[in-house]
Amino acid sequence: MTNLTLLIPAYKEVESLPVFLKELENFDYIKMIVLQKEDTETLEAIKDFKNIKIHVQEKKGYGSALKEGINNINTEFFCIINADGSMNPKYLNEMLYICKNTNFVFASRYLNGGGSDDDDIVTFVGNKIFSLMGNILFSLNLSDILYTYVMGKTSAAKDLNLNYSDFRICVELPILAKLKGFDFTSSPSQERKRIGGVKKVNALKDGFLILTAIMELFLRKILRKKY
Ligand SMILES: Nc1nc2c(ncn2[C@@H]2O[C@H](COP(=O)(O)OP(=O)(O)OP(=O)(O)O)[C@@H](O)[C@H]2O)c(=O)[nH]1
Ligand SMILES: [Mg+2]
């Protein structure tokens with residue numbers, strides 16, 4: 001039995017998810033799709049797939065999908081991998097190998113050997129700025145804080161007690177890992193274009209939310225140090 005569960009958050013991914021699940025049939029890992037109960041189209045689109053687990057979220061949002069997914073995983077390792085097919089599963093074996101010696105590995109589009117077929121100027125600059133903030137304010141030493149193609153030890157992820165129910169969880173995960181003393185590393189990854197369908201992230205709205213999360217977490221860090 002495999003020791004890795006793929007945590008696949010999906011929201012209205014009728015075009016992408018069936019194609020991606022077909023590709024994942026070549027990988028002998030447990031696949032857990034996490035989606036909302038209102039998302040009946042996506043459920044319908046994957047109904048013929050065998051050997052997948054489906055978790056229907058109690059609470060809405062991408063962050064809730066990750067939190068609930070992690071709490072329902074029983075294998076030693078987990079990996080967050082998006083339903084749109086943009087995260088290439090060819091890296092999973094190598095990431096799993098790296099994870100034997102560390103708590104988390106963050107795939108990075110901006111390390112040598114990585115890249116993105118999907119970035120535009122706004123997402124590129126945003127990713128760079130938020131990664132820089134993570135490095136300055138929290139000494140994360142990560143080149144790509146927002147990609148959230150992350151593998152790790154499930155017990156460590158459960159210990160993080162993640163809180164945000166939306167895309168703010170992307171920065172909360174590495175920052176809490178650092179603040180709680182878990183070691184982690186990163187490895188280069190080439191991002192693909194999404195297979196089909198539309199983007200769920202709004203660069204401006206979600207970018208602003210992420211900025212507030214970085215500030216909030218930084219304040220918490222400072223206050224905890226002082227008192
Ligand atoms: N369960 C769940 N999944 C979500 C939610 N919002 C987004 N997702 C999934 O989270 C992943 C990331 O969202 P994307 O729309 O791909 O965001 P993005 O990667 O910035 O956008 P693209 O560049 O178009 O790929 C995808 O697999 C979505 O289906 C949500 O509210 N609930
Ligand atoms: Mg995507």
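The values are calculated or read from the model by the stated rules, or taken from the named source; none is laboratory data. In this text the structure is predicted, and so the values were computed from the model without any measurement. Positions of Cβ are backbone-derived with ideal geometry, glycine not excepted, and every protein chain shown enters the neighbour counts. Quick note on the areas: whole protein, heavy atoms, side chains included, nothing else; ligands and nucleic acids left out. Shrake-Rupley method; radii C 1.70, N 1.55, O 1.52, S 1.80 Å.
Result for the chain in a Gaussian network model with C-alpha springs under 10 Å: among Ile46, Ile136, Ile54, the largest mean-square fluctuation is at Ile136. In a reduced charge model with +1 at each Lys and Arg Cβ and -1 at each Asp and Glu Cβ, the chain shows a dipole moment near 880 debye about its Cα centre. Spin-label model, Val19/Glu216: points 7 Å from Cα along the beta carbon direction are separated by 3.5 nm. Can you tell me the orientation of helix 203-226 relative to the chain, as the angle in degrees between its alpha-carbon axis and the longest Cα principal axis, to the nearest 10? Value to nearest ten degrees: 50.
Loop only by DSSP, 13 or fewer other Cβ within 10 Å of the Cβ. Give me the trypsin sites (Lys or Arg not before Pro) in the range 1-102 that pass, ordered by residue number. Could you put the intermediate results ahead of the total?
Values: sites: Lys12, Lys22, Lys31, Lys37, Lys47, Lys50, Lys53, Lys59, Lys60, Lys67, Lys90, Lys100; in loops: Lys12, Lys37, Lys47, Lys50, Lys59, Lys60, Lys100.
Those that pass, being in a loop and sparsely packed, are Lys37, Lys47, Lys50, Lys59, Lys100.
Give me the percent of Cα-Cα pairs in the range 107-187 that sit more than 21 Å apart, rounded to a whole number. Percent of Cα pairs beyond 21 Å in the range 107-187: 26.
As a test of the formula, what do you get for the chain when each DSSP H run with n ≥ 4 contributes -39,500 (n - 2.57) and the sum is divided by the residue count, at 222 nm and rounded to the nearest 500 deg cm²/dmol?
Details: 8 runs with 91 residues, N = 227.
It lands at -12500 deg cm²/dmol.
Remark: accessible surface ordering of Asp39, Asp166, Asp183 (largest first) is Asp183, Asp166, Asp39, probe radius 1.4 Å.
Simple rule: put +1 on each Lys or Arg Cβ and -1 on each Asp or Glu Cβ in the chain, find the dipole, and look at Gly207, Leu217, Asn51; the Cα lying farthest toward the positive end is Leu217.
Assuming charge only on the beta carbon of Lys and Arg (+1) and of Asp and Glu (-1), the dipole of the range 173-227 about its Cα centre is about 120 debye to the nearest 20. Centre-to-centre, using Cα atoms only, the range 105-119 and the range 172-227 are separated by 16 Å.
Which loop-located GluC sites (Glu not before Pro) does the range 61-131 contain, where loop means any DSSP state but H, G, I, E or B and the Cβ has at most 16 other Cβ atoms within 10 Å? The partial results should precede the final answer.
Numbers: sites: Glu68, Glu76, Glu94; in loops: Glu76.
When the GluC sites (Glu not before Pro) of the range 61-131 are filtered for loop state and at most 16 Cβ neighbours within 10 Å, Glu76 remain.
Of the heavy-atom accessible surface of the chain (probe 1.4 angstrom), what whole percent is carbon and sulfur? Walk me through the numbers before you get to the answer.
On the way: 6050 of 11150 Å².
The computed percentage sits at 54.
Rounded to the nearest 20, the size of the Cβ-charge dipole of the range 1-91 about its Cα centre is 200 debye, with Lys and Arg at +1 and Asp and Glu at -1. Can you tell me which of Val171, Val122, Val150 moves the most in a GNM of the chain? Springs connect C-alpha atoms under 10 Å apart. Largest GNM mean-square fluctuation: Val122. Here the Gaussian network model covers the chain, with springs between Cα atoms less than 10 Å apart; of Leu179, Leu17, Leu66, Leu179 fluctuates the most.
How much FRET efficiency would the formula 1/(1 + (r/R0)^6) give for Ile121 and Phe208, where r is the Cβ-Cβ distance and R0 is 22 Å, rounded to 0.05? Could you put the intermediate results ahead of the total?
Numbers: r = 18 Å, r/R0 = 0.81.
Calculated value: 0.80.
Simple rule: put +1 on each Lys or Arg Cβ and -1 on each Asp or Glu Cβ in the chain, find the dipole, and look at Asn135, Thr2, Val19; the Cα lying farthest toward the positive end is Asn135.
What is the calculated FRET efficiency for Phe49 to Ile129, with r their C-beta to C-beta distance and R₀ = 45 Å, to the nearest 0.05?
Numbers: r = 39 Å, r/R0 = 0.86.
The formula returns an efficiency of 0.70 here.
What percent antiparallel are the DSSP beta bridges of the range 89-227, to the nearest 5? Beta bridges within the range 89-227, antiparallel portion: roughly 30 percent. Annotation for Asp159 and Glu41: the two label points, set 7 Å from Cα along the Cα-Cβ direction, are 4.2 nm apart.
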